[in-house]
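The values are calculated or read from the model by the stated rules, or taken from the named source; none is laboratory data. Not measured: the values here are computed from a predicted model. Reconstructed Cβ throughout: ideal geometry from the backbone, glycine too, with neighbour counts over all protein chains shown. Side chains are part of the model used for accessible areas, which takes the heavy atoms of the whole protein and leaves out ligands, DNA and RNA. Shrake-Rupley method; radii C 1.70, N 1.55, O 1.52, S 1.80 Å.
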Amino acid sequence: MIEEFKKFIMRGNVLDMAVGIIIGAAFGKIVTSFVNDVLMPPIGLILGQVDFSNLFINLSGKPVATLAEAKAAGLPVIAYGSFLNAVIDFLIVAFAIFMMIKQVNRLVPQKEEPEKEPHLCPYCKTEIPEDATKCPHCTSDL
């Protein structure tokens, strides 16, 4: 069983997948930093100096000024600002992956399907649909 496991781990697909996951995790950190540190501050400034990471709904009724205070006090909150940042993270990552796959598909030659030979009526030799049961030209039963 150990030998079989070694063969499985050393297959190219498994190693490629591991490298992809590691690079993807690092890319995710870069995008998160971009959203939190570069993208959201100007958007918050435009919208009236709003700090999205500090937007929350306090469910406890006890007054707190920041999300950090609420979390430190163990109060129940809905941190919708963090959720908005996560949604923007996701959209940026999804768009980056879309663009990458689009470029790869453009560079990799696509396999052309071989052209099918037309389906011919065995009696009049006229082209007919593949699922035809009667020839529309000579009315022969197929």
* Is it true that some residue in the range 124-136 is in contact (Cβ under 8 Å) with a residue 12 or more places away in the chain and part of a helix (DSSP H, G or I)? -> no
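Restricting the range 55-86 to residues that are over 23 Å from V35 (Cβ atoms) and charged (D, E, K, R), which is least open to solvent (accessible area, probe 1.4 Å)? Spell out the reasoning first.
The first filter runs over the range 55-86 and keeps only residues over 23 Å from V35 (Cβ atoms), leaving 58-65, 69, 72-76.
Within this subset, residues satisfying the condition of being charged (D, E, K, R) are 62, 69.
Values: K62: 123, E69: 90 Å².
For the range 55-86, the residue satisfying everything is E69.
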* Under the condition of being without any contact (Cβ under 8 Å) to a residue 24 or more places away in the chain, under 29 Å from V38 (Cβ atoms) and surrounded by 12 or more Cβ atoms within 10 Å (Cβ to Cβ), which residue from the range 88-123 is nearest to the chain's Cα centre (by Cα)? -> I97
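Please work out if I22 is at pLDDT 85 or above and closer than 30 Å to E4 by Cα.
Values: at pLDDT 85 or above: yes; closer than 30 Å to E4 by Cα: yes.
For I22, the condition - at pLDDT 85 or above and closer than 30 Å to E4 by Cα - is met.
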